[in-house]
């Protein structure tokens with residue numbers, strides 16, 4: 001398979017959601033035009049994105065919604081379960097423990113840790129906060145695939161290194177810094193402030 | 001000014017943070033190479049991004065960190081205050097009321113609303129939850145610039161329309177659907193599940 005760009009992967013996630021919506025509404029086929037309209041992009045872009053993975057639809061007939069959703073799900077690895085650990089039981093960590101979109105797409109949050117002794121042993125939804133000082137042990141015991149960093153900025157890089165040291169290969173980082181990681185470790189940075197700053201830019205410059 | 005891409009704006013936000021870090025560490029000048037390394041991109045990209053706004057640095061001397069931060073702040077509209085309202089007092093809404101990165105960059109959350117009568121009048125940090133049934137009134141009274149949607153998926157488009165109806169021109173949407181809005185309204189979608197799905201893709205396909 002060709003190397004595909006981050007933006008294509010993001011769009012695949014969006015098509016996946018649009019297809020879910022169509023299936024919920026009992027719609028069996030969809031054209032690239034319709035998918036494009038649902039996601040606010042061009043149909044040429046939709047066809048180009050899907051072409052990376054071979055031909056799905058038939059010209060003029062559109063795509064079968066269920067089959068396309070299955071195939072995109074396979075590509076994105078959503079047709080299996082992933083075990084997720086959160087480090088940091090602050091506001092963001094708490095919100096993520098029970099984040100419906102995660103469980104819906106197969107991301108099971110099965111561990112939350114903190115270094116603060118006042119938070120350790122606290123119950124957050126279905127989880128009891130574990131001591132982050134024993135991170136490696138907990139990560140191994142829970143067979144974690146993906147680690148989420150929800151600690152203060154100053155502790156983020158260190159937390160990333162502890163996660164990697166414990167064998168975690170994929171990290172979603174909520175701290176507002178870029179995490180450094182060796183090749184072979186996948187890091188995505190989620191920074192809500194960056195999205196709101198784009199709005200600030202558009203409000204300031206009056207375009208977009 | 002030329003129309004600049006969303007990805008350039010995102011990178012400007014990152015440079016802004018890197019500059020903050022440098023200034024905190026009392027570093028007065030920075031080269032495009034150093035900025036590039038901090039953000040994991042090429043120095044050619046850094047120079048290209050900054051060239052959209054004219055010449056900041058002097059060849060061979062690098063950029064003055066404080067001046068560059070000021071200028072990027074002006075471009076992004078971060079050197080002023082923005083008044084922000086959150087609709088939805090669930091997990092995400094609660095986490096955002098007290099999100100340090102927002103207040104640090106001049107985004108003041110001054111209103112949170114919900115339709116649930118059990119949540120109305122509840123105290124969340126410095127705010128009292130207001131009744132979303134009177135959204136227009138609250139938005140006007142608080143002179144809101146930016147609205148944040150943190151409601152369930154089924155209510156998101158409707159909430160966006162109420163915000164726009166109340167005069168809000170910029171919306172940050174946390175619901176996992178694409179909000180439809182007329183030209184002139186700025187919408188950014190924040191979907192944490194999409195970032196974690198990119199990790200799932202890389203774990204599945206073993207690249208990236």
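Worth pointing out:
- The GNM of chain A, with springs linking C-alpha atoms under 10 angstrom apart, assigns the highest mean-square fluctuation among A:73, A:40, A:106 to A:40.
- Distance between modelled label sites at residue A:205 and residue A:100, nm, 7 Å Cα→Cβ extension: 3.6
- Listed peptides A:93-100, B:76-83, B:19-26, A:18-25 appear in the order A:93-100, B:76-83, A:18-25, B:19-26 once ranked by packing, highest mean of other Cβ atoms within 10 Å at the front.
- Of all chain A C-beta atoms, the nearest to the rotation axis linking A with B is recorded, alongside its rounded Å distance, as A:95, 2.
- Label separation (residue B:161 vs residue A:117): 5.6 nm, computed from points 7 Å beyond Cα along the C-beta direction.
- Burial ranking of peptide ranges B:28-39, A:188-199 (average Cβ count within 10 Å, highest at the top): A:188-199, B:28-39
- The angle separating the long axis of helix A:192-205 from the principal Cα axis of greatest extent in chain A is about 60 degrees.
- Computed from the C-beta positions of residue B:81 and residue B:154 and an R0 of 41 Å, the FRET efficiency is 0.80 to the nearest 0.05.
- Inverse mean reciprocal Cα-Cα distance (Kirkwood Rh) of region B:6-76, Å: 11.8
Every number in this text was worked out from the coordinates using simple rules, so none of it is lab data. All of these numbers come straight from a predicted model, not from anything done at the bench. Counting neighbours? That spans all protein chains shown, and the Cβs are built from the backbone with ideal geometry, glycine included.
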